[in-house]
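S.K.: Could you have a look at this structure, given as structure tokens, before my questions?
The values are calculated or read from the model by the stated rules, or taken from the named source; none is laboratory data. Note that this is a predicted model, so its numbers are computed, not measured. Here the Cβ positions follow ideal geometry from the backbone for every residue, glycine too, while neighbour counts run over all protein chains shown. Note: areas computed on protein heavy atoms with side chains; ligands, DNA, RNA excluded. Shrake-Rupley method; radii C 1.70, N 1.55, O 1.52, S 1.80 Å.
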Amino acid sequence: MTYGSVVAQLVKDYEDYSEVNKQLEKMGYNIGVRLIEDFLAKTNMGKCADFKETAETISKVGFKMFLGFSPAVTNWSADGKEFSLILEENPLAEFVELPDGAAAELSYSNILCGVLRGALEMVLMQVECNFVSDVLRGEETTELRVKLVKYLEEEVPMAED
């Protein structure tokens, strides 16, 4: 099943674009939780020094490895906790035309936000991610905004007695 047919089926099932966006994000989250293990095994990378290094790694290694391109990392916030990924290309959105009325509400590639959230949570970073703009909506660029909410504490399982 292609990504486009998954989105089309979700639109048919839910008939509400905001719910479709939630489902795509949820699917992406589950993929990201598993994908990070593959990423770490293949790259043998250690822990990133800071969030800026994390952003560069996502762009230059993660996107390149799994999607075949590297988005630009830009628009850093003053506190260094927010950045944008500018997708010059998006293989998920190639040859896609949104249904009438969908452009304003549907975040077609929202699965990417979920993948980032799931993967980063597994390396102890809680983030929020959303599309700021999308060429599918008739805008000039496709921009994902990633915000570091907080670093998570590693949970140590309780010992069984």
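S.K.: Spot the failing condition for GLU89; the list is (1) at pLDDT 95 or above; (2) over 24 Å from VAL123 (Cα atoms); (3) open to solvent by 70 Å² or more (accessible area, probe 1.4 Å), and only one is missed.
M.R.: In the conditions (1) at pLDDT 95 or above; (2) over 24 Å from VAL123 (Cα atoms); (3) open to solvent by 70 Å² or more (accessible area, probe 1.4 Å), GLU89 misses (1) alone.
S.K.: Mind checking whether some residue in the range 130-146 is farther than 17 Å from GLU89 by Cα, outside any loop (DSSP other than H, G, I, E, B), in contact (Cβ under 8 Å) with a residue 24 or more places away in the chain and of a type outside the set (Ser, Thr, Tyr)?
M.R.: Within the range 130-146 (the criterion being farther than 17 Å from GLU89 by Cα, outside any loop (DSSP other than H, G, I, E, B), in contact (Cβ under 8 Å) with a residue 24 or more places away in the chain and of a type outside the set (Ser, Thr, Tyr)), the answer is yes, since at least one residue qualifies.
S.K.: May I pose another question? Just to verify a result, which residue in the range 58-76, among those that are over 19 Å from VAL135 (Cα atoms) and either free of Cβ contacts under 8 Å to residues at least 12 places away in the same chain or β-branched (Val, Ile, Thr) (or both), is least open to solvent (accessible area, probe 1.4 Å)?
M.R.: Here the residue is ILE58.
S.K.: May I ask you to say which residue of LEU87, LEU92, LEU106 is farther than 16 Å from ALA119 by Cβ and without any contact (Cβ under 8 Å) to a residue 60 or more places away in the chain?
M.R.: Numbers: LEU92 fails: without any contact (Cβ under 8 Å) to a residue 60 or more places away in the chain; LEU106 fails: without any contact (Cβ under 8 Å) to a residue 60 or more places away in the chain.
Answer to the check: LEU87.
S.K.: Looking at the range 20-68 only, could you name the residues that are outside any helix (DSSP H, G or I) and either of a type in the set (A, V, I, L, M) or under 16 Å from MET122 (Cα atoms) (or both)?
M.R.: ASN44, MET45, GLY46, LYS47, CYS48, ALA49, ASP50
S.K.: Against the condition of a type in the set (A, V, I, L, M, F, W, C), closer than 18 Å to VAL132 by Cβ and out of contact with any Leu (no Cβ under 9 Å at 6 or more places or on another chain), how does ALA104 come out, does it pass?
M.R.: It is true that ALA104 is of a type in the set (A, V, I, L, M, F, W, C), closer than 18 Å to VAL132 by Cβ and out of contact with any Leu (no Cβ under 9 Å at 6 or more places or on another chain).
S.K.: Looking at the range 1-57 only, could you name the residues that are among the polar types (S, T, N, Q), out of contact with any strand residue (DSSP E or B) (no Cβ under 8 Å at 6 or more places or on another chain) and open to solvent by less than 40 Å² (accessible area, probe 1.4 Å)?
M.R.: Within the range 1-57, ASN21, GLN23, THR43, THR57 qualify.
S.K.: Quick check on my filter: what residues within the range 92-121 are modelled with pLDDT of 95 or more and not in a loop (DSSP other than H, G, I, E, B)?
M.R.: ILE111, LEU112, CYS113, GLY114, VAL115, LEU116, ARG117, GLY118, ALA119, LEU120, GLU121 - these are the residues of the range 92-121 that are modelled with pLDDT of 95 or more and not in a loop (DSSP other than H, G, I, E, B).
S.K.: Being at pLDDT 95 or above, of a type in the set (A, V, I, L, M, F, W, C) and touching a helix residue (DSSP H, G or I) at 6+ places or on another chain (Cβ under 8 Å) is the filter here, so list the residues in the range 12-51 that pass it.
M.R.: VAL20, LEU24, MET27, ILE31, VAL33, LEU35, ILE36, PHE39, listed by residue number.
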